[in-house]
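*Asks:* Here's a structure for you.
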Amino acid sequence: MGADQTKPERELPYSKTDATLYYFAGRGMADQVRWMLAYTDVSFTQRIMNTRDRFLKLVDNGQLAFGKVPLLQIDGQEVVETQAMIRYLAKRANLTGKTATDELYCDMIACNILDLIKVVVAAPFKRYQNEESGKEYINTMKVAWRKAAVRLEMCIEKNSRKGKIGAYLVGDCVTYVDVLLAHVVTWFAEECGGGILEDMPYCVQVQHNILAKESLQKYLGGPQFYKLGDDKYCRKVSEVLGREVK
């Protein structure tokens, strides 16, 4: 192999924390992963993707297997795809339920919560387009939230009627989908206002239960937690990915 064909050197994980997360300086698709890391007491270092050259280096050296971030280095593994990261962290912390059926229901609910995440992740880019687009998109988010939250409320209520103790989406203990629900509830309320949580008592109870975790509170009050995305965030993401904001 000629010198011009040599792959860029691979980036090694930071040795002083349990995990290393590569993503932009903002929430995006990595935010679920951050909440899972914090909730499960996994210390992590964030490596910010702030130039296109660095992004392409990780693509060229094979660390971004499918050509996109986030990337999580943990336990000697390099994990891509957010849902794979979340499931790995859930299994690592025994948050997939007590039975195979519990795990199945967790996976199904996680897919539905992912649909909501995709909606709210787009919000900063709608604001970046223009003020009017941002205001109109709030209504889009409210409609998406209401449609999904009603079903999630039903899941928790149905689970409670089976004699389970407490407010859980699956089984009789916290699972990773409770963490994901608390995350998406918190984010949507920030974007759309607390009024969207009216008549959603079960979702709110799950949120409160998860937010009570000390390690999560520490994360939310610390420097690794990002505020809602602004124009600077949108410009940087577009620059790194080599695309225009539409």
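The values are calculated or read from the model by the stated rules, or taken from the named source; none is laboratory data. A quick note: this is a predicted structure, and the numbers were derived from the prediction, not measured. Here Cβ is always computed from backbone atoms with ideal geometry, including for glycine, and neighbour counts include all displayed protein chains.
*Asks:* Please list, ordered by residue number, the strands (runs of 3 or more DSSP E) wholly in the range 1-116 having 1 or more residues that are in the same structural domain as E191 (by TED's automatic domain parsing) and of a type in the set (F, W, Y).
*Replies:* Ranges flagged: none.
*Asks:* Something else now. Kindly provide the set of residues from the range 26-62 that are free of Cβ contacts under 8 Å to residues at least 60 places away in the same chain, farther than 19 Å from A110 by Cβ and in contact with a strand residue (DSSP E or B) (Cβ under 6 Å, 6 or more places away or on another chain), ordered by number.
*Replies:* The answer is T45, R47.
*Asks:* Let me ask another. Condition (residue is buried (at least 21 other Cβ atoms within 10 Å of the Cβ), more than 20 Å from V120 (Cβ to Cβ) and among the polar types (S, T, N, Q)) applied to the range 216-225: is it met by at least one residue?
*Replies:* no
*Asks:* Could I ask something else about it? Between a first residue in the range 126-137 that is free of Cβ contacts under 8 Å to residues at least 60 places away in the same chain and loosely packed, with under 11 Cβ neighbours inside 10 Å and a second residue that is in a helix (DSSP H, G or I) and of a type in the set (D, E), which pairs have beta carbons less than 9 Å apart while being 6 or more apart in sequence or on different chains?
*Replies:* Listed by first residue and then by second, the contacts come to nothing, as the list is empty.
*Asks:* For the range 194-212: of the residues being in contact (Cβ under 8 Å) with a residue 24 or more places away in the chain and among the hydrophobic types (A, V, I, L, M, F, W, C), which is nearest to K142 (Cα to Cα)?
*Replies:* My answer is I196.
*Asks:* Would you confirm, using the coordinates I've provided, whether A122 is surrounded by 20 or more Cβ atoms within 10 Å (Cβ to Cβ), closer than 30 Å to V174 by Cα and either in the same structural domain as A148 (by TED's automatic domain parsing) or of a type in the set (D, E, K, R) (or both)?
*Replies:* Criteria not met by A122.
*Asks:* Have a look at L72, L116 and point out the one that is of a type outside the set (S, T, N, Q), touching an Asp or Glu at 6+ places or on another chain (Cβ under 8 Å) and in contact (Cβ under 8 Å) with a residue 40 or more places away in the chain.
*Replies:* Every option except L72 fails the conditions.
*Asks:* Any idea how many residues of the range 169-179 are under 14 Å from K213 (Cβ atoms) and either within 17 Å of the chain's Cα centre (by Cα) or in a helix (DSSP H, G or I) (or both)?
*Replies:* Going through the range 169-179 one residue at a time, the tally reaches 4.
*Asks:* Of the residues A25, A65, A38, only one is surrounded by 12 or more Cβ atoms within 10 Å (Cβ to Cβ) and in contact with a Ser or Thr (Cβ under 7 Å, 6 or more places away or on another chain); which?
*Replies:* After ruling out the rest, the residue left standing is A38.
*Asks:* Kindly check whether there is at least one residue in the range 229-243 that is touching a residue at least 60 places away in the same chain (Cβ under 8 Å) and over 27 Å from D53 (Cβ atoms).
*Replies:* No: the range 229-243 contains no residue that is touching a residue at least 60 places away in the same chain (Cβ under 8 Å) and over 27 Å from D53 (Cβ atoms).
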